[in-house]
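Okay, structure first, notes after.
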Amino acid sequence: EQQAKDHEEFFQSVLETSQASLRAPRGAYYRRPGESGSEAPAAAQQVEVDGVAYLYDQGVFWLATGPPFIVAVAPYGAMVDKLPAGAYRLPGKEVPRYYSFGVFYQDKAGKFEVVKPAAGTLVSYLPDGYRTEQTQGKTHFAFGETRFEPVFVQGVLVYQVIEP
């Protein structure tokens, strides 16, 4: 029991140092969902998903009902013209998929669709603004509708997408 407690404390200390600001690619632009601004992003792409209007700029989705303009979690099905800086390709042989700050993109004929990730997908960092959950004594993290569990792969802490 003490060993399990020590392991959990160690695990938590590692997690605290793995915030997006520390592990995300350099030069990437990011805003946490819920943040707001009084002006719309200057070069934003207009995107509509299920009748809701968004502005997309460098990987950030803003509700287009402002001011104030509020940062939203990326909606599944959104089609954008380009990936944000720092997005990286996920391993796999199927259609190319990319990851950036909790958002998964799939290449669709030169555009990029926000998609739900497959269970088992591994990412190197979580976005700031994730929620911590305890389920059956295990720590999980949620961002939007996506849930992750921390795992070590060859001694490196990564996050694996799990089923809801």
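The values are calculated or read from the model by the stated rules, or taken from the named source; none is laboratory data. Small disclaimer: the values here were computed from a predicted structure and weren't measured. Using ideal geometry, Cβ is built from the backbone for each residue, glycine included, and neighbour counts are taken over all protein chains shown. These accessible areas exclude ligands, DNA and RNA; they are computed on the full protein's heavy atoms, side chains included. Shrake-Rupley method; radii C 1.70, N 1.55, O 1.52, S 1.80 Å.
A few comments on the model shown:
- Annotation: per residue accessible area for the stretch 70-164 equals 50 Å², rounded to a whole number [probe 1.4 Å, protein chains only].
- Using the Cβ-Cβ distance between PHE152 and GLU1 with R0 = 25 Å, the FRET efficiency computed as 1/(1 + (r/R0)^6) comes to roughly 0.70.
- The trypsin sites (Lys or Arg not before Pro) of the stretch 65-164 meeting both criteria, a DSSP state outside H, G, I, E and B (loop) and at most 11 other C-beta atoms within 10 angstrom of the site's C-beta, are LYS93.
- Cα gyration tensor shape of the stretch 44-164, rounded if a/c is under 1.5, else prolate or oblate by comparing a/b with b/c: oblate
- Shape category assigned to the stretch 115-164 from the gyration tensor of Cα positions, a/c cut at 1.5: rounded
- Neighbour cut-off at most 16 other Cβ (10 Å), DSSP loop, GluC sites (Glu not before Pro), the stretch 93-154: GLU94, GLU145
- Ranked packing of 98-106, 47-55, most packed first, by mean Cβ within 10 Å: 98-106, 47-55
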